[in-house]
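Q: The structure under discussion is supplied below as structure tokens; questions concerning it will follow.
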Amino acid sequence: MKWQSVSIDEALRRLDTDAERGLSEEVAQRRLVEFGPNQLKAKKKAGMLVKFFKQFNDFMILMLLAAAAVSFSVSLMNGERDYADPIIILAIVILNAVLGLAQESKAEKSLEALKRMSAPMARVIREGKIKLVPAENLTVGDVLSLETGDCIPADARLLSSVNLKTDEAALTGESLSVSKDAKLISKDDAPIGDRKNMVYSGSLAAYGRGKAAVTAVGMDTEVGKIAGLLMAHEAPETPLQKKLEATGKTLGLAALGICAVIFVAGVLRNIPPFDMFMTSVSLAVAAIPEGLPAIVTIMLALGVQRMAKENAITRKLPAVESLGGATVICSDKTGTLTQNKMTVTEVQGNKELVLSYAALCCNSVLDTDGSIQGDPTENALVSAALDAGQNKLKLDREWKRIDELPFDSARKLMSTFHRNLNGETLSITKGAPEALLDRCTYYMDKTGPKPMTASKKAEIARANTKMADKALRVLAVAFTKADTRLREEGLTFTGLVGMMDPPREEVFEAVATCKEAGIKPVMITGDHVVTASAIARRIGIMSMGDRAITGRELSEMQPKAFEQAIDECSVFARVSPEHKMKIVKAFQKKGHVVAMTGDGVNDAPALKAADIGCAMGINGTDAAKEAADMVLTDDNFATIVKAVREGRGIYDNIRKAVHFLLSSNIGEIITIFISIFMGWQTPLLPIHLLWVNLVTDSLPAIALGMDPADPNIMKRKPRPNNSSLFSGGLWQRIVSEGLMIGALALLAFGIGAVHFDPPGSHMTATTMCFATLSMSQLFHAFNMRSEESIMKLDVFGNIYLVGALVIGIIMQVSVISVPSLSAIFKVAPLNRLQWLVVGMLCVMPIIVVELQKAANAIVDKRKVRLQARKA
């Protein structure tokens, strides 16, 4: 039912209620059963145990658990009782699950937050008497009695209104209080912000009073529809989650396939099947980077801690990295890009006189502590007057108000009548310039009042237009020295006051940084298109050639036409929650990673639908905060730029860790694979593979996750949404470096076998191979820090990586040099010469990769020179 398009009498007839008596208690109870309580439904929540086990719903995690079980079984069957690796795997998996559960345990509180927005008690007329009843007991047809400051508990059609204004900012994004008029009849397709004869659940009666008949309760209200959207829409996986899931499946299947091939090859070479089975399983455990999920979780957790210090609280770990991949940031205007505070920015005329008269003609209350209570527009006038040295408290004492003619939408004026201690009277009128000018017969000049002329009126009208074009709300102020009564004719025009909800100071730089980083900022607001466009142009969101479209235009556009035009649009005005979701989805269909910032109830569905939702923490509603992945505690749009930088740095570090882990693991596979296919002695035992896996898959990878971000990281364009984690030739580098590490290990084995081992023994060769395979990977970790020469970096710029190197070397030397440990690992102590050979081979990865980087740099320079010549 389009209640905004029917008359008061028709609404009362259809609701079967009475404007003066309301419903009877009997009818109210019957309807309460029929329509249900005035509260929002909530999804059934999963228990903590279910949430915990959901953390294991990942292919790589399941593969690791299977590998741990097989490793345990092999150790048990072999009688070695060596359960270190399966225990380590289980510990890492459980740690990963606990960390994930700790971050996501607060999920889906949006509906509870929306419930808290509803007024707990409502003033209702029943059986001709005003009663206070629990808001949840309201029903369709109840007549509400509304006063200034009341939280509106249900959607309702106004029956009467006296200077009524409601604050619908949280629902529509409109920063100004909306004037309501019960007598108006709106169009069927009027957006919420233009339904002047309706009030809505979750909004606030900011001024005046009125009566309204309830038309919808609970899930049928506009807030309820938003709650329904939240219930129906599931949050998408983040790009990181998708990439890691795909990577885990690929790595797991590849490792199993390779190990199966090695097992068959070993059996064909007459190696005992059980020995080959042990080697294959150990190699499978070593090949799968079981530390990757925990390492990624730790990286993200560290990012969360850093962001918390920068006023951004992350509710879901992957959101930190995902924000780094954002290509579009959709931001609400009110309270996000702007201050959500009407402010006088321009005065035409004698400033002190104009503002003192404007302050006198206001109902806002200035407290002794400087705080101002009342309508946002009037608050702005009182604040500006105070800044100009005109204190309303003092003005009210000097000019006592005797009478008032309240503002109404027909006159578009408000007037007050004052008398001072000397008996002098003053009538002041403020309002729309076009309405006030026709009542003015004089205007104030520097020398005093002058007769109003046509040319002067035209001049004032031009000034009004010029200010309106700047997206200012313009009020005119006039007065007359009345004798005994309030008058609205024969006035003396005093001046114009322009005000706006100004942009945040830091937004200008933040928007510029976003554009430099290749991120498209988009304004999505319930405000008027002219105002939104002016603000967008001022802060840099809207550039030449960009479009601004309204929610109505959006509704009329065909989906394909909208998707084609989406990249040209920078401003969306007068939009509903459904429109916001449509906008986010359209950007996503074009391949964008969409971040949505917002603070109102109307933002919550889009926050959840977006790849990354960022809510404002101070002025944001609970619904927005709980629907979001990240909360900006200082409501500072610039904080999102820091979050993007942090996210990009984390993604880079994840690539570094993946690069290191896979190239190292490939080196281990190559060592076994080549030796078996060449018919050589197996250079390493299963326990050696598991030990190398322990030494290299933990501390160095975690240390890489703490590497400082590239200083120029925000000058790069965002990575494509469909780009692989291995894009940019990473796979080629991983494979080539893995071949190098495997070759170095086999070379160490060959040197040991030829030059140091007696005939028939390979103990020293195996030990040298074991040490080289492990420690070469530790040195190789330093190659990951930059795609440029590491000689340009501060060696101690990542002290954690240096520490990982030292600890890893101590661990490796210990298992070889300590007799009790060397016996367990079946290795022989090495002499100085042998250690020297091992040491030289271990630093070779740095030398080889540095030469590779130098060659790449030369090639890149030649390409640049060739392009310059062609240009």
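Q: Search region 412-440 for residues that are closer than 19 Å to Lys165 by Cα and part of a strand (DSSP E or B) and pair each with any residue that is aromatic (Phe, Trp, Tyr) and open to solvent by 10 Å² or more (accessible area, probe 1.4 Å) when their beta-carbon atoms are under 6 Å apart and the residues are at least 6 apart or on different chains.
A: Sorted first by the residue in region 412-440, then by its partner, the pairs are Met414/Phe407.
Q: State all residues of region 353-383 that are touching a residue at least 60 places away in the same chain (Cβ under 8 Å) and assigned to a helix (DSSP H, G or I); if no residue qualifies, say none.
A: Within region 353-383, Leu353, Val354, Leu355, Tyr357, Ala358, Leu360, Pro376, Thr377, Ala380, Leu381 meet the criteria.
Q: May I pose another question? Report every pair of residues separated by at least 6 positions or lying on different chains whose Cβ atoms are under 8 Å apart, first residue within region 182-197 and more than 19 Å from Gly210 (Cα to Cα) and free of Cβ contacts under 8 Å to residues at least 60 places away in the same chain, second open to solvent by less than 40 Å² (accessible area, probe 1.4 Å) and in a loop (DSSP other than H, G, I, E, B).
A: Cβ pairs passing all conditions: none.
Q: Output the number of the condition that Phe572 fails; it satisfies all remaining conditions of (1) surrounded by 15 or more Cβ atoms within 10 Å (Cβ to Cβ); (2) not in a strand (DSSP E or B).
A: Among (1) surrounded by 15 or more Cβ atoms within 10 Å (Cβ to Cβ); (2) not in a strand (DSSP E or B), the lone unmet condition for Phe572 is (2).
Q: Among the candidates Ser736, Ser727, which residue alone is open to solvent by 10 Å² or more (accessible area, probe 1.4 Å) and in a helix (DSSP H, G or I)?
A: Working: Ser727 fails: in a helix (DSSP H, G or I).
Of Ser736, Ser727, the one residue that is open to solvent by 10 Å² or more (accessible area, probe 1.4 Å) and in a helix (DSSP H, G or I) is Ser736.
Q: Would you mention how many residues in region 143-190 are out of contact with any Pro (no Cβ under 8 Å at 6 or more places or on another chain), open to solvent by less than 40 Å² (accessible area, probe 1.4 Å) and assigned to a loop (DSSP other than H, G, I, E, B)?
A: Selection size over region 143-190: 12.
Q: Further question: Residues of region 826-835 being within 23 Å of Ser664 (Cβ to Cβ) and open to solvent by 30 Å² or more (accessible area, probe 1.4 Å), which ones?
A: First pass over region 826-835, keeping only residues within 23 Å of Ser664 (Cβ to Cβ): 826-827, 830, 834-835.
Hits for region 826-835 are Lys826, Trp835.
Q: Next question. Restricting to region 694-724, what's the tally of residues that are under 19 Å from Phe782 (Cα atoms) and open to solvent by 30 Å² or more (accessible area, probe 1.4 Å)?
A: So the first thing to find is which residues in region 694-724 are under 19 Å from Phe782 (Cα atoms), and the list is 694-711.
Now drop any that are not open to solvent by 30 Å² or more (accessible area, probe 1.4 Å), which leaves 694, 698-699, 702, 706, 708-711.
The total comes to 9.
Q: Still on this structure, please answer the following. Any chance you could count how many residues in region 542-570 are among the aliphatic types (A, V, I, L, M) and in contact with a Lys or Arg (Cβ under 9 Å, 6 or more places away or on another chain)? Steps first, answer last, please.
A: Of the residues in region 542-570, the ones among the aliphatic types (A, V, I, L, M) are 542, 544, 548-549, 554, 557, 561, 565-566.
This time we only want the ones that are in contact with a Lys or Arg (Cβ under 9 Å, 6 or more places away or on another chain), so: 554, 565-566.
Count: 3.
Q: Out of (1) open to solvent by 50 Å² or more (accessible area, probe 1.4 Å); (2) within 30 Å of Ile687 (Cβ to Cβ); (3) in contact with a Leu (Cβ under 9 Å, 6 or more places away or on another chain); (4) modelled with pLDDT under 70, what's the single condition that is false for Glu112?
A: Condition (2) is where Glu112 drops out.
Q: Specify the residue that is farthest from Ala627 (Cα to Cα); the eligible residues are those in region 538-552 that are part of a loop (DSSP other than H, G, I, E, B) and of a type in the set (A, V, I, L, M, F, W, C).
A: If we filter region 538-552 for residues that are part of a loop (DSSP other than H, G, I, E, B), which is where we start, we get 540-546.
If we keep only those that are of a type in the set (A, V, I, L, M, F, W, C) too, we end up with 541-542, 544.
Details: Ile541: 25, Met542: 28, Met544: 34 Å.
Applying the filter and picking the extreme gives Met544.
Q: Can you confirm whether region 489-505 contains a residue that is under 28 Å from Pro449 (Cα atoms), of a type in the set (Ser, Thr, Tyr) and either assigned to a strand (DSSP E or B) or in contact with a Pro (Cβ under 6 Å, 6 or more places away or on another chain) (or both)? Quick ask: steps written out before the conclusion?
A: Taking region 489-505 as the starting set, the residues that turn out to be under 28 Å from Pro449 (Cα atoms) are 489-499.
The next check asks that each one be of a type in the set (Ser, Thr, Tyr); those that pass are 492, 494.
Now restrict to residues that are either assigned to a strand (DSSP E or B) or in contact with a Pro (Cβ under 6 Å, 6 or more places away or on another chain) (or both): 492, 494.
Yes: one or more hits.
Q: In region 469-495, which residues are among the aliphatic types (A, V, I, L, M), at pLDDT 85 or above and surrounded by fewer than 23 Cβ atoms within 10 Å (Cβ to Cβ)? Steps first, answer last, please.
A: Looking only at region 469-495, we keep the residues that are among the aliphatic types (A, V, I, L, M), and these are 471-472, 474-478, 482, 486, 491.
Of the ones still in play, those that are also at pLDDT 85 or above are 472, 474-478, 486, 491.
The answer is Leu472, Val474, Leu486.
Q: Counting only residues that are over 22 Å from Glu509 (Cβ atoms) and either touching a Ser or Thr at 6+ places or on another chain (Cβ under 7 Å) or open to solvent by less than 10 Å² (accessible area, probe 1.4 Å) (or both), how many does region 534-546 have? Step through it out loud before you land on a result.
A: Applying the first criterion (over 22 Å from Glu509 (Cβ atoms)) to region 534-546 yields 545.
In the following step, the residues that additionally are either touching a Ser or Thr at 6+ places or on another chain (Cβ under 7 Å) or open to solvent by less than 10 Å² (accessible area, probe 1.4 Å) (or both) were identified as none.
Summing the residues that are over 22 Å from Glu509 (Cβ atoms) and either touching a Ser or Thr at 6+ places or on another chain (Cβ under 7 Å) or open to solvent by less than 10 Å² (accessible area, probe 1.4 Å) (or both) in region 534-546 gives 0.
Q: Which of the residues that make up region 211-229 are open to solvent by 10 Å² or more (accessible area, probe 1.4 Å) and over 18 Å from Met581 (Cβ atoms)?
A: Result: Lys211, Thr215, Ala216, Asp220.
Matching residues to (1) without any contact (Cβ under 8 Å) to a residue 40 or more places away in the chain; (2) assigned to a helix (DSSP H, G or I); (3) open to solvent by less than 40 Å² (accessible area, probe 1.4 Å):
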site	(1), (2), (3)
Gly526	no, no, yes
Ala532	no, yes, yes
Leu554	yes, yes, yes
Ala561	yes, yes, no
Glu578	no, yes, no
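Q: Which of the residues spanning region 813-828 are touching a Phe, Trp or Tyr at 6+ places or on another chain (Cβ under 8 Å) and assigned to a helix (DSSP H, G or I)?
A: So in region 813-828, the residues touching a Phe, Trp or Tyr at 6+ places or on another chain (Cβ under 8 Å) come out as 815-816, 825, 827.
Within region 813-828, Val815, Ile816, Phe825 qualify.
Q: Looking at (1) within 14 Å of the chain's Cα centre (by Cα); (2) surrounded by fewer than 23 Cβ atoms within 10 Å (Cβ to Cβ), which one does Phe673 not meet, given that it meets all the others?
A: Just one mismatch for Phe673, condition (1).
Q: May I pose another question? Could you say which residue among Phe56, Phe72 is in a loop (DSSP other than H, G, I, E, B), modelled with pLDDT of 70 or more and over 30 Å from Ala122 (Cα atoms)?
A: Values: Phe72 fails: in a loop (DSSP other than H, G, I, E, B).
Among Phe56, Phe72, only Phe56 is in a loop (DSSP other than H, G, I, E, B), modelled with pLDDT of 70 or more and over 30 Å from Ala122 (Cα atoms).
Q: Test Trp691 against the criterion of being farther than 30 Å from Ile807 by Cβ, among the aromatic types (Phe, Trp, Tyr) and either open to solvent by 10 Å² or more (accessible area, probe 1.4 Å) or assigned to a helix (DSSP H, G or I) (or both), and give yes or no.
A: Details: farther than 30 Å from Ile807 by Cβ: no; among the aromatic types (Phe, Trp, Tyr): yes; either open to solvent by 10 Å² or more (accessible area, probe 1.4 Å) or assigned to a helix (DSSP H, G or I) (or both): yes.
Taking the combined requirement at face value, the residue does not satisfy it.
Q: On to the next question. Here are some residues: Asp369, Asp375. Which one is open to solvent by less than 60 Å² (accessible area, probe 1.4 Å), farther than 16 Å from Met444 by Cβ and not aliphatic (A, V, I, L, M)?
A: Asp375
Q: State which residue is least open to solvent (accessible area, probe 1.4 Å) when the search covers only region 378-417 and only residues that are out of contact with any Leu (no Cβ under 9 Å at 6 or more places or on another chain) and of a type in the set (Asp, Glu).
A: Ranking the qualifying residues of region 378-417, first place goes to Glu378.
Q: Residue check: is Gly202 open to solvent by 10 Å² or more (accessible area, probe 1.4 Å) and either free of Cβ contacts under 8 Å to residues at least 12 places away in the same chain or under 17 Å from Ala122 (Cα atoms) (or both)? Reasoning before the result, please.
A: Values: open to solvent by 10 Å² or more (accessible area, probe 1.4 Å): yes; either free of Cβ contacts under 8 Å to residues at least 12 places away in the same chain or under 17 Å from Ala122 (Cα atoms) (or both): yes.
Yes: the conditions hold for Gly202.
Q: Looking only at region 591-611, which residues are modelled with pLDDT of 80 or more, open to solvent by 10 Å² or more (accessible area, probe 1.4 Å) and at negative phi?
A: His592, Lys608, Asp611
Q: Continuing with the same structure: Considering Ala823, Ala745, which residue is surrounded by 14 or more Cβ atoms within 10 Å (Cβ to Cβ) and not charged (D, E, K, R)?
A: Values: Ala823 fails: surrounded by 14 or more Cβ atoms within 10 Å (Cβ to Cβ).
After applying the criteria, what remains is Ala745.
Q: Among Lys608, Lys625, which is the only one that is touching a Leu at 6+ places or on another chain (Cβ under 7 Å) and not in a loop (DSSP other than H, G, I, E, B)? Even if it seems obvious, please write down each step before you answer.
A: Working: Lys625 fails: touching a Leu at 6+ places or on another chain (Cβ under 7 Å).
Residue meeting the stated conditions: Lys608.
The values are calculated or read from the model by the stated rules, or taken from the named source; none is laboratory data. Note that the structure is a prediction, hence the values are computed from the model and not measured. Ideal geometry is used to build each Cβ from the backbone, glycine not excepted, and the neighbour counts take in all protein chains shown. These area figures cover heavy atoms from the full protein model, side chains too; ligands, DNA and RNA do not enter into them. Shrake-Rupley method; radii C 1.70, N 1.55, O 1.52, S 1.80 Å.
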